[in-house]
Amino acid sequence: MSRALKIEAARAALEWVHDGMKLGIGTGSTADEFTRLLGKKVADGFQITGIPTSENTRMLCEELSIPLSTLDKTPRLDMVIDGADEVDRNLQLIKGGGGALLREKIVAHASDKMVVIADDSKQVETLGAFPLPLEVNPFGLAATRLAIEIVLANLGFGNATLELRGGTQNPFTTDGGHFILDANLGAIPDGAMLSRQVLDIPGVVEHGLFLGYATHVFLAGADGVRQLSRDG
Ligand code: A5P
């Protein structure tokens, strides 16, 4: 995805941000473009309260002097703007390529609207070509991994493979101190069923399927920015 397209999608979303909003601020390279544009507006006197979805985003916001709060002080937000790894026609998403899925989902759940910004290469017919991130507690990793493999096999993902992000020597650690198993599934025909079954495993903290969260999507492509909305 070219940087120019990320900026176009970010610019479209910025138009939806109003003075005084309590705003969730996403994670990833597209969300970073949004944050930089927001930083310029704030420098010009625009007032928002930002709730970052990761430590990386928090640091970028601080560099840009964007006023921040936390969900503890500000538990209900007007909107969150965030990127995605895949988007389908029903505005279901895979997120977590950057590893921030847990905080991203907590912030999205606390927001009245979730606006996704992406280039149109992220739009897919069926979710699942992008490896699904599964955030897991490091305790009992092998047992959790085995339980996930059994669930996946029972759901018909016979060829699925799980990869510990970062590798066993130096696993990637999330802001919450967890590991990520990336599940190569190929296609996910029933995300709701998969969601229920993996979340039933005690060691699974969260997964990167965002079902029923996104209310609007801005997709930037060669012909401009297209808007998709859940209400049509
Ligand atoms: C971060 O954990 C992710 O959910 C990102 O929002 C997602 O990976 C999109 O990132 P890019 O905008 O860098 O493609």
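The values are calculated or read from the model by the stated rules, or taken from the named source; none is laboratory data. Just so it is clear, the model here is predicted, and its values are computed rather than measured. Cβ: placed from backbone, ideal geometry, glycine included. Neighbour counts: every protein chain shown. To get the accessible areas, we keep the full protein, side chains included, count just its heavy atoms, and leave off ligands, DNA and RNA. Shrake-Rupley method; radii C 1.70, N 1.55, O 1.52, S 1.80 Å.
Data for the structure
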| item | result |
| --- | --- |
| Within the accessible area of segment 94-200 (1.4 Å probe), percent carbon and sulfur | 53 |
| Helix-only CD estimate at 222 nm, as mean residue ellipticity for the chain, using -39500 (n - 2.57) per DSSP H run (n ≥ 4) | -9000 deg cm²/dmol |
| Among LEU209, ASN154, LEU127 - extreme Cα towards positive end, dipole of the chain, charges at beta-carbon | LEU209 |
| When each of LYS40/LYS122; LYS73/LYS95; LYS73/LYS105; LYS40/LYS73; LYS40/LYS105 is checked by Cα-Cα distance, pairs over 23 Å | LYS40/LYS122; LYS73/LYS95; LYS40/LYS73; LYS40/LYS105 |
| Mean Cβ count within 10 Å, highest first, over the residues of peptides 77-88, 111-122, 56-67 | 77-88, 111-122, 56-67 |
| Accessible area per residue, Å², segment 22-141 with all protein chains present, probe 1.4 Å | 41 |
| Estimated dipole of segment 67-159 in Debye, rounded to 20 [Cβ of Lys and Arg +1, of Asp and Glu -1, Cα centre] | 300 |
| Candidate residues HIS178, HIS109: accessible-area rank, largest first, probe 1.4 Å | HIS109, HIS178 |
